[in-house]
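Remarks on the structure that follows.
The values are calculated or read from the model by the stated rules, or taken from the named source; none is laboratory data. For clarity, every value in this text was computed on a predicted model and none was experimentally measured. Quick reminder, even Gly has a Cβ in these numbers, built from the backbone with ideal geometry, and neighbours come from all protein chains shown.
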Amino acid sequence: MTPPPSSVAVATAVLALFLAAPATAEDEADTGTIQPTAVEAAAAMGERLRALDAFTIEATISTEEVLVSGEKLLHVEQVSADVDPPHRLRVERRSPGRERVFLYDGTQAVLWGPITRYFTTVAFEGNLTELVGKTAEIYDYHVPLADLFLWGTRAADLERITGAHYVGADYLGDRVCNHYAFRQEGFDWQLWIDTAEGGLPCAYRITDLSDPAHPSFAATLTVETGALLDDNRFTFAVPRDAVEIPFQAVAAAQADSKE
């Protein structure tokens with residue numbers, strides 16, 4: 001007759017279960033593998049976001065700065081956005097001592113610094129996806145949370161993805177969000193999508209692989225739908241003490257620097 005296991009043996013076995021290394025995302029999916037469902041989830045989330053009528057976003061964003069010494073600094077800011085597709089947008093980006101407001105009413109874009117009292121304007125007509133693309137391309141200005149207007153479009157470069165997989169479910173506050181990881185040339189990016197009805201973004205993270213320090217940008221979001229937004233949220237009334245400066249195109253700036 002086989003003797004029963006000793007209490008020490010049982011305790012050792014239980015301890016081994018707790019100490020065993022958990023399965024990692026790399027165990028579950030090769031980073032060179034593309035799971036179509038992961039790509040479809042990102043594209044569908046972008047389509048749902050752009051299909052909304054007026055909505056608002058509250059976000060905490062973090063940006064890593066790499067110093068010459070190689071040291072990385074993390075900067076944390078707050079962003080609020082009023083979005084009224086397809087042609088109206090207001091984004092406020094705030095940190096202590098620094099504030100920027102970007103407005104677009106369908107005919108012109110304005111960048112305003114309430115603390116510095118400087119503002120600049122540029123005429124533009126187009127939808128929000130075109131707006132964030134052109135301001136980056138022509139003026140090297142990246143509208144905060146611009147990625148949200150690109151997912152699921154040609155501009156999102158989903159066809160360039162070289163790796164995509166589902167990681168699992170994570171808590172973000174009291175929300176349960178599905179976590180996806182993607183890779184394309186020069187970048188790793190991660191996306192968390194709310195499991196609640198609507199499937200809107202909870203957070204995203206982009207890591208720059210072209211820099212040896214691999215700095216990241218991350219945003220945690222709360223999207224509220226059905227917003228009632230006044231027209232004056234998207235227009236700019238010039239204050240008396242405001243000073244206008246040019247919104248210089250990248251090509252012009254580069255030409256000036258060579259003179």
**OP:** Taking the residues in segment 104-131 that are surrounded by 19 or more Cβ atoms within 10 Å (Cβ to Cβ) and closer than 21 Å to TRP151 by Cα as candidates, determine which candidate is modelled with the lowest pLDDT.
**Re:** THR129
Subject >> Conditions (1) surrounded by fewer than 18 Cβ atoms within 10 Å (Cβ to Cβ); (2) assigned to a strand (DSSP E or B); number of the one not met by SER210 >> reply: (2)
Original post:
Just to be sure, is LEU89 assigned to a strand (DSSP E or B) and within 24 Å of LYS134 (Cβ to Cβ)?
Top reply: yes
Original post:
When you go through (1) part of a loop (DSSP other than H, G, I, E, B); (2) modelled with pLDDT under 90; (3) closer than 23 Å to ARG205 by Cα; (4) not hydrophobic (A, V, I, L, M, F, W, C) one by one for GLU26, which number turns out not to apply?
Top reply: (1)
**OP:** Name every residue in segment 29-46 that is over 23 Å from THR129 (Cα atoms), surrounded by fewer than 14 Cβ atoms within 10 Å (Cβ to Cβ) and modelled with pLDDT of 90 or more, in order of residue number.
**Re:** THR33, PRO36, THR37
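Can you find even one residue in segment 104-111 that is touching a helix residue (DSSP H, G or I) at 6+ places or on another chain (Cβ under 7 Å), outside any helix (DSSP H, G or I), hydroxyl-bearing (Ser, Thr, Tyr) and under 23 Å from SER210 (Cβ atoms)?
Initial filter on segment 104-111 (touching a helix residue (DSSP H, G or I) at 6+ places or on another chain (Cβ under 7 Å)): 104, 109.
Of the ones still in play, those that are also outside any helix (DSSP H, G or I) are 104, 109.
Those left that are additionally hydroxyl-bearing (Ser, Thr, Tyr): 104.
Now restrict to residues that are under 23 Å from SER210 (Cβ atoms): none.
No, segment 104-111 contains no residue that is touching a helix residue (DSSP H, G or I) at 6+ places or on another chain (Cβ under 7 Å), outside any helix (DSSP H, G or I), hydroxyl-bearing (Ser, Thr, Tyr) and under 23 Å from SER210 (Cβ atoms).
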Original post:
So which of LEU67, LEU49, LEU89 is exposed (fewer than 15 other Cβ atoms within 10 Å of the Cβ) and out of contact with any His (no Cβ under 9 Å at 6 or more places or on another chain)?
Top reply: LEU67
Original post:
Looking only at segment 147-179, which residues are small (Gly, Ala, Ser), buried (at least 19 other Cβ atoms within 10 Å of the Cβ) and either out of contact with any Gly (no Cβ under 9 Å at 6 or more places or on another chain) or modelled with pLDDT of 90 or more (or both)?
Top reply: ALA164
Original post:
Just one of PRO144, PRO114 is assigned to a loop (DSSP other than H, G, I, E, B) and either among the polar types (S, T, N, Q) or within 19 Å of the chain's Cα centre (by Cα) (or both); which is it?
Top reply: PRO144
**OP:** Can you give me the number of residues within segment 180-205 that are among the charged types (D, E, K, R) and either surrounded by fewer than 18 Cβ atoms within 10 Å (Cβ to Cβ) or assigned to a loop (DSSP other than H, G, I, E, B) (or both)?
**Re:** 4
